[in-house]
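What follows is calculated from the coordinates using simple rules that are stated; it is not laboratory data. Here the structure is a predicted model, which is why all the values come from computation and not from measurement. Please note: Cβ atoms are built from the backbone with ideal geometry, for glycine as well, and neighbour counts cover all protein chains shown.
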Amino acid sequence: MGLPSRISAGLGSLPPPLTVTLDNTGSTVDVGWSVTIGDTVPNTTLVWATANPAAGTVPAGATGTFDLVPSDRLCYAEKQPASFTANVTFADSTLGPVTVTDTITPVGALIP
């Protein structure tokens, strides 16, 4: 899977969705998947993003995508670069889970 490692946005502006591609082109069977979001916007109980769609099936020999859509509260809460995760699990447990990490860097943030 090719994943961008960083999304930047101005303070107070919403980062764009992160599109994640699930590649099943080398397989002869469909693979079901689902996404869970555990990290929250700092100092809240809100998840940092939603997955759209949150579950699906990648057909054999094809690719599928989902978007991680950041919360509109994220850029107001974050003034420094911060990493957030989403976990992708597959119906076929032999594939194991995959963790997608997105580092949000507000424009003008002080990077250590």
Name the residue farthest towards the positive end of the dipole of the range 17-105 from the options 58, 100, 70, assuming +1 on Cβ of Lys and Arg, -1 on Cβ of Asp and Glu, about the Cα centre. 70
Give me the compactness ratio for the range 17-105, meaning the Cα radius of gyration over 2.2 N^0.38 Å. 1.18
Nothing charged except the Cβ atoms of Lys and Arg (+1) and of Asp and Glu (-1): what's the magnitude of the dipole of the range 17-105 about its Cα centre? Round to the nearest 20 debye. 180 debye
Given a cut-off of under 8 Å on Cα pairs at least six residues apart, what relative contact order in percent is computed for the range 17-105? 33 percent
Residue 23 paired with residue 80, simple spin-label distance in nm, labels 7 Å along Cα-to-beta-carbon: 3.5 nm
Run the simple label-point estimate for residue 93 and residue 63 please: 7 Å along Cα→C-beta, distance reported in nm. 3.0 nm
